[in-house]
Amino acid sequence: MVGLWAGAAFAEDRMLLLDPDMGQVTLDGEGQAWIDPTGQTGIEAVATAADWRPTRTGKVYPLTTHSALWLRFTLGETNDSQRWWLEIPYPAVDRVTLYTDDGAGRWSERVAGDTLPVANWPVPHRHPVLPLALSPGTSKQFYLRVENSHSFGAPLDFTSERELLRQEQRTALFLGMYFGLAALSVALAVVAGVSLRDPAFGWYALAVTLIGLSHAAITGVAGLHLWPDWAWWNNVSALALPVAAIAVLLWFMSVLVSLPQRSRRLHRLTSALSLLCVLSATLILLVDPGWRVRLMVPSVLAAVLCAVAVVAWAASRGDRHAWWLLAGMVPVAAGASLPMARAVGLLPINFWTSNGLLLGMGAELPILLAVLAARVHDRRENIRRIHELERIDPATGLVNAQVFQVRLSRLIARSARLKHESMVLLVDVVNVEQIRRDFDRRAAEELPLRVASRLLAFAREIDTVARLADHRFGVLVEGPLTREEAAGTGAKVVARCLMPFDNKPVDWVPQVRVAQALLPATGDAQQVLEKLGAVLAMAPADSKRAVYTVGM
């Protein structure tokens, strides 16, 4: 940026020399500013006003619906190889008017801002872009009138045509990546919600859609492409849509952490706050423009704090996915604080206050989708386990007696068809009461579980281990087996069970009795099990014999 004293209309004015090699120059402190408290002063009176103050980098000017900010600056260009444009990188500004003296005592004006249809701007764009009429070797003074319902802190950038195109290409890439990610997230959520019939995906799709529309309104993409002829909606959407989006997002968070099942009182409070945000978004459409920011900022802050509190509460109650949600909300909370601070006039407009929330949401959207996927996986796993309770023993994970009998019937038929020998074994744990007397109840309850693990370690992948009763197990050993292998199977089971356990007393070992039979056998599965059970039932309590072979 080059600042020179030049022959301007006022001695205190400084001239900005625009050089195509630089591409872009910012006004910073090279201009003059004056706030019209009535907002009624015309350009002729402003041109002779004496109460000008130097502009400053990052200055935020407090404005209301009844005041206007005037900026004065003088420009010159080194050559006419590039056209120059005035950029105000603030899509939500209500109205900006650029005045130029045509040299005959008349003022020409160019107007943009979201109180006008974007289609009627001199250059339809995401934010106001106004052409500058310059001639090499001469300077020209411009006046800019800014009207906004709240503070104004956007920089004034003077950009060459080549630099403007380059910036738009870079911005289009950045915004395209974000909106593409949002659209993909919505599409996946809709498909998953329909196929799984899970309302959480519907809330996610609605929340991401509203968040995407909010960002489109805030960045000016919506005004340029979605509603270029709807000036009123373009003006209010940047404030109303974020509040509606945060209301839906709050409800989605409640569903995601199963808040209705965990705490109905907290769920009702969250629902009430969500409805208040919807009411606030509706009021933003109806109230005076000066009240819109006053409604939007507290609503968004309250909803964000409530969402963080709900997720943190769920994390403290054992929700294993809530910590991931909290991690994803950190960049969103940090990103949301910047535009909120900008909206209330605490920060000027810059890259971070304009795009911080976009970056934060870009980081959170995949996390939310991943948590939803994990939630669906857990839900389906729980449903599968519930359905398998009819087939599985919940304490050991082994198949139960009903499934064991069906598999035994199939094994008998298969052994007969293939003409080879298989085996069936019944295993009783006979010293549970002794363990209860010598140790305690918990040790006695743990003993059958340890037997189950030993039987699983003994069995091959093609074999079957089942829990038939509290202290009885069944084992199906697939053939073909030799006579010697079959005869030694029961002894191997006993030996495996008698092995000591780590971190347990030597006396804490299961004593088992095994009844075994070769297959195929005469009779059906029920008869085979009855014969084996009868043998174990008739074994003397003080018998040292551990294996009984039953002929079929």
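The values are calculated or read from the model by the stated rules, or taken from the named source; none is laboratory data. Keep in mind that this is a model prediction, so the values were computed, not measured. Heads up, the Cβs are rebuilt from the backbone with ideal geometry, glycines too, and the neighbour counts pull from every protein chain shown. Surface areas here come from the heavy atoms of the whole protein model, side chains and all, with no ligands, DNA or RNA. Shrake-Rupley method; radii C 1.70, N 1.55, O 1.52, S 1.80 Å.
Observations
- Number of positions in the range 271-298 that are among the small types (Gly, Ala, Ser), over 25 Å from Ala327 (Cβ atoms) and in contact with a helix residue (DSSP H, G or I) (Cβ under 6 Å, 6 or more places away or on another chain): 2
- Pairs linking a residue in the range 185-205 that is touching a residue at least 60 places away in the same chain (Cβ under 8 Å) to a residue that is among the β-branched types (Val, Ile, Thr) and assigned to a helix (DSSP H, G or I), with Cβ atoms under 8 Å and 6 or more positions apart or on different chains, are Ser185/Val208; Ala189/Val208; Ala192/Val376; Leu196/Val376; Asp198/Val376; Ala200/Val255; Phe201/Val190.
- Any hit, the range 309-330, residues being closer than 23 Å to Ser67 by Cβ, open to solvent by 10 Å² or more (accessible area, probe 1.4 Å) and not hydroxyl-bearing (Ser, Thr, Tyr): no
- Those helices (runs of 4 or more DSSP H) of the range 425-515 in which 1 or more residues are open to solvent by less than 10 Å² (accessible area, probe 1.4 Å) and more than 22 Å from Ala541 (Cα to Cα) occupy 441-458, 483-498.
- Once the range 374-418 is narrowed to residues that are closer than 16 Å to Val528 by Cβ and of a type in the set (D, E, K, R), the residue that is nearest to the chain's Cα centre (by Cα) is Arg407.
- Looking across the range 415-424, just one residue is open to solvent by 50 Å² or more (accessible area, probe 1.4 Å) and in contact with a Leu (Cβ under 9 Å, 6 or more places away or on another chain), and that is Ala416.
- Residue count, the range 176-209 (criterion: at negative phi and over 14 Å from the mean Cα position of the chain (by Cα)): 14
- Yes/no for Arg410 being basic (Lys, Arg) and either in contact with a Cys (Cβ under 8 Å, 6 or more places away or on another chain) or over 29 Å from Ala541 (Cα atoms) (or both): yes
- All positions within the range 439-472 that are over 47 Å from the mean Cα position of the chain (by Cα) and under 15 Å from Asp393 (Cα atoms): His471, Arg472
- The single condition among (1) closer than 26 Å to Ile367 by Cα; (2) of a type outside the set (S, T, N, Q); (3) touching a Leu at 6+ places or on another chain (Cβ under 6 Å); (4) in contact (Cβ under 8 Å) with a residue 24 or more places away in the chain that Ala302 does not meet is (3).
- The set of residues in the range 18-66 that are open to solvent by 50 Å² or more (accessible area, probe 1.4 Å), assigned to a loop (DSSP other than H, G, I, E, B) and charged (D, E, K, R) comprises Asp21, Asp28, Asp51, Arg56, Lys59.
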